[in-house]
């Protein structure tokens, strides 16, 4: 079914619901950046395959908002779809609310699925629309699901125990540290929704999300007990032994009743309003809440000595694979036929030579010539270019290992580079050297270091609109906050143990 047909069916559903527009955010019930295809309604509807965007459909139009990393990709994938591209950060681009005001009559309703929007976003958007005479209403039964034929299922791969030699800290120790933070805030229960936070806390890994060794689950940590809500078919005897008596396993769909039970408790419930869904907040009812960021975020991002050593080993191992690949590329450039897709296979072969390799950490980005300008490019048969012994090629890829996650970008000169290419490459290199060689005091934040990365470019009137680096997980997600070297990101001081790449 083509996008325009899907939009027509959605509009028919909206009429039945009495809703004038419907927002499809880039999220799932767990507030994670990486959305399993089971919940990736935005991609299903629009055809856009990038990781960050949201779509809104009204009775007379449809639009998608994304940032500068995806402008070129979005223009290509949305062509002829009936979905208009809205370029975030570009002057003159209407915001979501501005667009809705042009599409929805005063007093009209804008629907959203409360399972996939955070409480913080729901409240903010509700208030913003209310000031303009529009109403944001929760739609419990997502209208897209009724038309989604052959919808992908949630993964069923068994959970994997993340061994202590790699994790560097036991589950008992992690729970103790979380409970210490809970006690400081008077919280008697803490609800965890994000998959990487749950995987880190319980030293477990999974395969429910492509490229990210995480699994679909909820968790509730109490003062003297911990509860994990997951598909019990995934819990092998090894996993049950690993969790022992300190963690009780429950069916995934039992979480709703557990959350309702917390609403009746006398203590405070800690649940982050920026990651937990509006649906969860509705379940919690009138419970007394602590809504600040989970302590797991900073605990997870601040790697232990064992984890840092593991990350170093993983990067050495991954670097060997990359050098072998680049050497092969140098020897064979112009001698044998090669394409972006065939080079992906060759790069994967180089990494797979390691017994500890667990797969790529994200979709490899091998972009030759003009494709190299598409920041989060992904080669497919229709776009894969033949690589010639001239021009430039970007190779941005990474690997998952039990002792660390990697993300490496290299610019490859396939022939003799031009004067301008040499200058631009050198100015970017000077920025990286500037960051790598500059000591900085405690309390320094990513945006301050970002100036070092872009100084040489700015001197020549050049720039790039995205950030320079992001935090990376330890055998977890390749993007991990709050560490970042970027102009627009949580203004978190960098501390020893954080690994921004």
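Rule-based calculations on the coordinates, nothing more; no lab input. As the structure is a prediction and not an experimental result, all values here were calculated from the model. All Cβ positions, even for glycine, are placed from backbone atoms using ideal geometry, and neighbour counts span all protein chains on display.
So for region 3-147, averaging the separation of alpha carbon pairs under 8 Å that are six or more residues apart and normalising by length, what relative contact order in percent results?
Taking the mean separation of contacting Cα pairs over the length of region 3-147, I get 26 percent.
Share of antiparallel DSSP beta bridges in region 3-147, in percent to the nearest 5?
Antiparallel bridges: around 40 percent, rounded to the nearest 5.
Would you order 67, 330 from fewest to most other beta-carbon atoms within 10 Å of each residue's own beta-carbon?
In increasing order of surrounding Cβ atoms, one gets 330, 67.
Take residue 260 and residue 466, extend 7 Å from each Cα along the Cα→Cβ direction, and tell me the distance between the two endpoints in nm.
Taking the simple label geometry, residue 260 and residue 466 are separated by 4.4 nm.
Working from the pairwise distances between different alpha carbons, so that the mean of 1/r is found and then inverted, what is region 207-263's Kirkwood radius in Å?
Taking the inverse mean of 1/r over all distinct Cα pairs, region 207-263 comes out at 12.3 Å.
Just rank 45, 271, fewest to most, by other beta-carbon atoms within 10 angstrom.
The most exposed by this proxy come first: 45, 271.
If you consider only alpha-carbon coordinates, what radius of gyration and Dmax does region 160-300 have, in Å?
My reading of the Cα-based Rg and Dmax gives 14.3, 43 Å.
Give me the percent relative contact order of the chain, please, defined on Cα pairs under 8 angstrom at least 6 residues apart.
It comes to 12 percent, rounded to a whole number.
State the extension gain, in nm to one decimal, for the chain segment bounded by residue 413 and residue 286, taking 0.36 nm per residue of separation less the distance between their alpha-carbons.
Full-extension gain reported as 39.7 nm.
Determine by what factor the alpha-carbon radius of gyration of region 34-174 differs from 2.2 N^0.38 Å, reporting the quotient.
Working it through for region 34-174, the quotient is 1.31.
For the peptides 27-34, 141-148, what is the packing order when you average, over each peptide's residues, the other Cβ atoms within 10 Å and list the highest mean first?
27-34, 141-148
Test of understanding: what is the full-extension gain from residue 382 to residue 145, defined as 0.36 nm times their sequence separation minus their Cα-Cα distance?
Stretched fully, the residue 382-residue 145 segment lengthens by 82.4 nm.
Going by average Cβ neighbours within 10 Å, how do the peptides 467-479, 387-399 rank, with the highest at the top?
For the peptides 467-479, 387-399, the packing ranking is 467-479, 387-399.
Give the percent of DSSP beta bridges with both residues in region 218-311 that are antiparallel, rounded to the nearest 5.
The answer is about 40 percent antiparallel.
Note the full-extension length gain between residue 52 and residue 232 as 0.36 nm times their separation in residues minus their Cα-Cα distance, in nm to one decimal.
61.7 nm
Most exposed first by the Cβ proxy, i.e. fewest other Cβ within 10 Å, how do 56, 101 rank?
Ascending number of Cβ neighbours within 10 Å: 101, 56.
Helix-only mean residue ellipticity at 222 nm, the chain, DSSP H runs n ≥ 4 weighted -39,500 (n - 2.57), per residue, nearest 500. What is it?
Helix-only estimate at 222 nm: -10500 deg cm²/dmol.
If I compute semi-axes √(5λ) of the Cα gyration tensor in Å from the structure I just sent, which labelled value in (1) 36, 26, 23; (2) 54, 31, 17; (3) 36, 31, 22 lines up?
(3)
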